[in-house]
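*Asks:* Encoded as structure tokens, here's the structure I'll be asking about.
What follows is calculated from the coordinates using simple rules that are stated; it is not laboratory data. Small disclaimer: the values here were computed from a predicted structure and weren't measured. Heads up, the Cβs are rebuilt from the backbone with ideal geometry, glycines too, and the neighbour counts pull from every protein chain shown.
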Amino acid sequence: MKKSARAMRMERHHRRMAKDSKLSLVSLMDIFTILVFFLMLNASDVQVLQNSKSVVLPESTAKQAAKETLVLMVNNNELLLQGRKLATVASIMARNEELIPELVAELAYQSGKATVTTLSGSANSEDEPADKAITIMGDKDIPYALLKRIMQTCAQAGFTNISLAVESIESKTTSDAEVAG
């Protein structure tokens, strides 16, 4: 059976297209390289502390950014270090002790863990003290006596670099206040 002129023309066209059609990966690689660099540069600017719906942070106009440290979370019900429950607030407040024994034990464990990693992986000399920093994420409604006990316990355990996490708000300068008023 003889092919029609149209069928032969289509066959030639398909053969020609199969030879000529090549995918240029160079331009795609350039686009993806630029995209990867863009994402790498912009991803490093974001700092996020672990958050819990049970903790409402107090508001502040502080400009200092948070650092990567141990996170001690305190809400109205419980005390958590790195997401691990240590004690309930009711049991802490019921005792008349100045230090919180569960927190002391966990901070000693964390301190020992940090010492092992710095001795094995870092070039720190033995004379330099390890930077023991902790961030307290306390609910704005917790009693001051509890916060004082927590800070005292952290200081006694050697964690003297204590930071309090706050919700950052925009501060109004005097010129903004004059314009608004």
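*Asks:* Would you pull out the residues with amide H under 5 Å of Ser163's amide H, same chain only if 5 or more places away, H placed 1.01 Å from N?
*Replies:* Ile134, Thr135, Ile136
*Asks:* Tally Lys and Arg at +1 and Asp and Glu at -1 over the other residues with C-beta under 15 Å from the C-beta of Met93: what net charge comes out?
*Replies:* Taking every other residue near Met93 into account, the sum is -3.
*Asks:* Still on this structure, please answer the following. When a footprinting reagent is the concern and you count Cβ atoms within 10 Å, what order do Thr69, Thr153 take, fewest first?
*Replies:* Listing Thr69, Thr153 from fewest to most nearby Cβ atoms yields Thr69, Thr153.
*Asks:* Work out how much length Leu28 to Met8 would gain on full extension: take 0.36 nm times their residue separation and subtract the Cα-Cα distance, in nm to one decimal.
*Replies:* Taking Leu28 through Met8 to full extension adds about 3.6 nm, to one decimal.
*Asks:* Right, here's the next one. Subtract the Cα-Cα distance of Asn161 and Tyr109 from 0.36 nm times their separation in residues, and report this length gain in nm to one decimal.
*Replies:* Full extension from Asn161 to Tyr109 adds 17.0 nm.
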